[in-house]
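Read through the structure below, which is laid out as structure tokens, and then see the notes.
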4 protein chains.
Amino acid sequence: MKLAFIGLGKMGTGMARNLRRAGHELAVFNRTPGKAQALAAEGARIAATPEEACRDCDAVVTMLSDDLAVEAVAPATRGKVHIGCSTISTALARRLAEGNPSYLSAPVFGRPDAAEAGKLLVVSAGLAALVEKCRPVFDAIGRQTFVAGAEPWQANAVKLCGNFMIASLLETFGEAFATLRKAGVEPQLFLEVMNALFDSPVYASYGKVIAARQFEPAGFPVKLGLKDVRLALETAQECASPMPFASLIRDQLLAALAAGYGDQDWSVVSRIAARNAGLD
Amino acid sequence: MKLAFIGLGKMGTGMARNLRRAGHELAVFNRTPGKAQALAAEGARIAATPEEACRDCDAVVTMLSDDLAVEAVAPATRGKVHIGCSTISTALARRLAEGNPSYLSAPVFGRPDAAEAGKLLVVSAGLAALVEKCRPVFDAIGRQTFVAGAEPWQANAVKLCGNFMIASLLETFGEAFATLRKAGVEPQLFLEVMNALFDSPVYASYGKVIAARQFEPAGFPVKLGLKDVRLALETAQECASPMPFASLIRDQLLAALAAGYGDQDWSVVSRIAARNAGLD
Amino acid sequence: MKLAFIGLGKMGTGMARNLRRAGHELAVFNRTPGKAQALAAEGARIAATPEEACRDCDAVVTMLSDDLAVEAVAPATRGKVHIGCSTISTALARRLAEGNPSYLSAPVFGRPDAAEAGKLLVVSAGLAALVEKCRPVFDAIGRQTFVAGAEPWQANAVKLCGNFMIASLLETFGEAFATLRKAGVEPQLFLEVMNALFDSPVYASYGKVIAARQFEPAGFPVKLGLKDVRLALETAQECASPMPFASLIRDQLLAALAAGYGDQDWSVVSRIAARNAGLD
Amino acid sequence: MKLAFIGLGKMGTGMARNLRRAGHELAVFNRTPGKAQALAAEGARIAATPEEACRDCDAVVTMLSDDLAVEAVAPATRGKVHIGCSTISTALARRLAEGNPSYLSAPVFGRPDAAEAGKLLVVSAGLAALVEKCRPVFDAIGRQTFVAGAEPWQANAVKLCGNFMIASLLETFGEAFATLRKAGVEPQLFLEVMNALFDSPVYASYGKVIAARQFEPAGFPVKLGLKDVRLALETAQECASPMPFASLIRDQLLAALAAGYGDQDWSVVSRIAARNAGLD
């Protein structure tokens, strides 16, 4: 396929590279142009504007940081098949779908290393025919593709709820570790028991960070985490569905922000739980 | 070893059977005597009282439903090595240790099928020499043994925090499923995404129950779950460690109890989340 | 003064009438024109558009239902002294101030009967000289005027936090009444004790509604209450200040909305507390 | 009446004095005997033991710090009319009633100055005839007496819920003040608005303490407040009534305790809210 790719951050770079490797023709755009150089060496065409990237393409993939950034490039995607991979609000996804019948949402789960390895989880939603047409894109970037529904925003709802699942785990770990530290139990011991009990790589990796209190460098910073939980709560409000855990996590992330941890990994909410227990 | 085993409920029966299979000599006691018959056929001696079960034993294992039941048999264990496998309060564990220097806590993680298969996770705590002496017991009932510390109650703190980790997962799932049902997303789809993301048997099994809203028969009923969360909060209070998630889960379990779901699986808290979103 | 008044809802009508009674010249505008007739009989001029109402005035007072309604009339107020009495977001108040150096916020506390009686509490904020110039307006509509700061949005922050104080009281009452009903205590008895203890007209009036479970007609409906709590949380987010009580109230109001109580008085959150306790 | 009075703390001393002033014959007992001297000068007889105080009395009044202290003197009250004014658990009140058919609960609202002035609020519960018989006692110590029900523990439920109402106000104030401080609004200004809005002496006095951040000397320390909220939650659990606000307050009080504020006034929970917002 002839693809445009907009947004070459940590995630986007790996995704674009895998699309190129899968044999797709690629025109890339990034607001700060330096990031595109490596991809040019691998055969991608560097575009000077989003519009130029989208010219004559079969589909455009966007992977940007937030609603604002996506809205800024939306005009360039009009009339094109638009695959929105960014984590955006369900409200924006609905507006994008209203403005472009060929819009579909395909947010992804996975960290930059999974993006680099083409092993993301892709959650797509939109017209069935459109989803099928875009399969080659999903196959190139991910290890598994899910279809959440016929309306694009449903995929974003799944993505936001998935991130809420992770955020909730962080707070849960934080409270348990705080209590056990005060009980004189080694964090490492509790982590081993939880690994044996849950047997999940997500527990293993976040548990390790929290047990070691190593919140830098940030895999996913508080600021982005706070944005995602806020978006989950907005979706919940649209659906009139109370989410008290999500509300509480938002408050803990806000406390982390107020404490100056905004650029640390969002598992630093565990430090708020520790502080509330009188620990450092 | 010559062992006494007190408490032949769903968990205890499997544990006792595996001790027998491992070649230990076994005297068993249960308040309702019928449950002991099957074990008698496998070579266990049935005792008429806890005291009789404990006579001449090297160690006594207790696996009972709550603090009250354990306190009732505690006098019979005086002067013996006492391995407390029940999920009890940290306060009671401390009192048992004060009353008996040979007491150690060894609560277990796992459902009745894991008890039957000898694949429990055992979290022990107590004097190191005592823990080593009891290794054959742990090896017979579990697939892995952890040592939480030198004070018996520390193992109970780990057990209670582990159950809190599961309870928190239930509430998290409940809120996410409620929001997504209102968003028109199939619960099954979300479950598949979460299985791919977390890759954990605990997520798979509880997620399945919640997605299908099949809360009976109860794997672990609300009443016992409420007890454990309450005990976790008592431990947190002893440690002066706030656990707002645990507090909120307690309130949701209480709402489930008030709704008449006390004997259903504790994952029925997800039904409270659904009701709060206006769903059935 | 020569005043324009935009927004003749339950609150605005009483406020406009008191401005007229105090001798001010008045041009009024309302989207649905019927509501202006009564004021015309008292000497107000009816304007066909916000622009017409504002022509040649010394100041324009706006009293509208939400951010959207205020933004819609904002262009008509450019270049005029603009007294914003609506309960709006702090973010919008900042934008209004950026667009018009003569903007000041003056949200009010009080129900329609207090508006009619000219006994509102006025919380103003903005340039000191401007506040002084507008004193005659505040004196006509209120019994007391406060100055929250030099930036207009600070008055809105005070208003939103004040409404949060009331919302929190409703949830508190709801939980206490639910527990006491289950304890067999008459709600009326508890209300009398609380009236003796707090000696506050707000407790007396809301307590009466909740004890009698008379949520219709709505003094202030769930929908508006939810809006205000949401705005308080947005302000809290701007300030990086966690407000767990506000978060929880938002969830309870959302549950009330999902239960179909959106048009009932916001004290109906007490019915959510009752339902969670298994009561009707 | 011939009265025994047990417990001469800050509250009890004033209560006993007013009973003496009202002409009742009084035998007093306190664990630390020094406190009884002043009352002896006013005509009270000092007893060496609870039993001696109760000998030949018409009724015994107990005003002690917690369940433990009340249970310790309970044997001395057997067979006597026992008026329990302490803030105790509903569970203990039920046990006392089972052990003594002439037991009635009569917890009080008010600070030591109100006790000294005989202006407490008395919430009684028990057999109607017994309550009537004890009216002269209530009249001497209080300005108003309420009857909560026929079972003594109902009065304790009312007392605990009343204290919860105050605790909830503290947390609410704390969150509002924190947000407004970050918004640059003077605490004093907000307090004035709230006084005008709620017009309650409780708001005025606690608001003043919180606005000025003067948590010492403690009117009512965190430790006692934590005990009362814990007891309210125990009652809620007995009634299967979730109280999420009460749960959250308990966590905030626990955080205050962990921060070393256990002996400061319980309004210091507002300092936890401030800290979570990044303030001192």
Q.
I'd like to verify a number: residues in the range B:135-147 that are in contact with a Leu (Cβ under 7 Å, 6 or more places away or on another chain), of a type in the set (A, V, I, L, M, F, W, C) and more than 9 Å from chain A (Cβ to nearest Cβ), how many?
A. 3
Q | Residue check, D:R275 within 13 Å of chain A (Cβ to nearest Cβ), at pLDDT 95 or above, surrounded by fewer than 24 Cβ atoms within 10 Å (Cβ to Cβ) and over 30 Å from C:G278 (Cβ atoms) | A | yes
Q: Answer yes or no as to whether D:T49 is within 20 Å of D:E151 (Cβ to Cβ), outside the structural domain of D:E234 (by TED's automatic domain parsing) and either of a type outside the set (A, V, I, L, M) or more than 23 Å from the chain's Cα centre (by Cα) (or both).
A: no
Q. Which ones in the range D:46-95 are of a type in the set (A, V, I, L, M), buried (at least 17 other Cβ atoms within 10 Å of the Cβ) and within 23 Å of D:N163 (Cβ to Cβ)?
A. D:V61, D:M63, D:L64, D:A69, D:V70, D:V73, D:A74, D:I83, D:I88, D:L92, D:A93
Q) Filtering the range A:101-146 down to residues that are of a type in the set (S, T, Y) and under 17 Å from A:V60 (Cα atoms), which residue is surrounded by the most Cβ atoms within 10 Å (Cβ to Cβ)? A) A:S105
Q. Any residue at all in the range D:120-140 that is in a loop (DSSP other than H, G, I, E, B), over 30 Å from C:L248 (Cα atoms), among the hydrophobic types (A, V, I, L, M, F, W, C) and within 18 Å of the chain's Cα centre (by Cα)?
A. no
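Yes or no: the range A:10-24 includes at least one residue that is of a type outside the set (S, T, Y), free of Cβ contacts under 8 Å to residues at least 12 places away in the same chain and out of contact with any Phe, Trp or Tyr (no Cβ under 9 Å at 6 or more places or on another chain).
Checked the range A:10-24: at least one residue is of a type outside the set (S, T, Y), free of Cβ contacts under 8 Å to residues at least 12 places away in the same chain and out of contact with any Phe, Trp or Tyr (no Cβ under 9 Å at 6 or more places or on another chain).
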Q. Which members of the range A:1-36 meet the condition of being among the β-branched types (V, I, T) and outside any loop (DSSP other than H, G, I, E, B)?
A. A:I6, A:T13, A:V28
Q. Of all residues in the range B:230-250, how many are more than 18 Å from the chain's Cα centre (by Cα) and either at pLDDT below 95 or more than 8 Å from chain D (Cβ to nearest Cβ) (or both)?
A. 3
Q) Considering only helices (runs of 4 or more DSSP H) fully contained in the range B:163-280, which possess at least 1 residues that are among the aliphatic types (A, V, I, L, M) and farther than 30 Å from D:L253 by Cα? A) B:187-198, B:201-212, B:269-276
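Every residue, every condition in (1) touching an Asp or Glu at 6+ places or on another chain (Cβ under 7 Å); (2) closer than 21 Å to D:L169 by Cβ; (3) in contact (Cβ under 8 Å) with a residue 60 or more places away in the chain, yes or no:
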site: C:E238; (1), (2), (3): no, no, yes
site: C:M243; (1), (2), (3): yes, yes, yes
site: C:A256; (1), (2), (3): no, no, no
site: C:D263; (1), (2), (3): no, no, no
site: C:R271; (1), (2), (3): no, no, yes
Q: Within the range B:169-207, track down each residue that is free of Cβ contacts under 8 Å to residues at least 24 places away in the same chain, over 21 Å from the mean Cα position of the chain (by Cα) and more than 7 Å from chain A (Cβ to nearest Cβ).
A: B:E186, B:Q188, B:L191, B:N195
Q | Check on D:A16, surrounded by fewer than 16 Cβ atoms within 10 Å (Cβ to Cβ) and within 18 Å of D:P112 (Cα to Cα) | A | no
Q.
Taking the criterion of being surrounded by fewer than 24 Cβ atoms within 10 Å (Cβ to Cβ), more than 7 Å from every other protein chain (Cβ to nearest Cβ), free of Cβ contacts under 8 Å to residues at least 60 places away in the same chain and within 27 Å of D:E175 (Cβ to Cβ), would at least one residue in the range C:155-168 satisfy it?
A. yes
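Being modelled with pLDDT under 95 and among the small types (G, A, S) is true for just one of A:G79, A:G118. Which residue is that?
On the way: A:G118 fails: modelled with pLDDT under 95.
Just one listed residue meets the conditions, A:G79.
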**Q.** Subset tally (residues that are farther than 25 Å from D:K10 by Cβ and among the polar types (S, T, N, Q)) for the range D:126-159
**A.** 1
Q: Check A:A150 against each of (1) free of Cβ contacts under 8 Å to residues at least 60 places away in the same chain; (2) surrounded by fewer than 24 Cβ atoms within 10 Å (Cβ to Cβ); (3) facing chain B (nearest Cβ under 8 Å) and name the one condition it does not meet.
A: (3)
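Restricting to the range C:208-229, name every residue that is under 21 Å from A:R230 (Cα atoms) and either more than 13 Å from chain A (Cβ to nearest Cβ) or touching a strand residue (DSSP E or B) at 6+ places or on another chain (Cβ under 7 Å) (or both).
C:L224, C:G225, C:D228
The values are calculated or read from the model by the stated rules, or taken from the named source; none is laboratory data. Keep in mind it's a predicted model, so treat the numbers as computed, not measured. Heads up, the Cβs are rebuilt from the backbone with ideal geometry, glycines too, and the neighbour counts pull from every protein chain shown.
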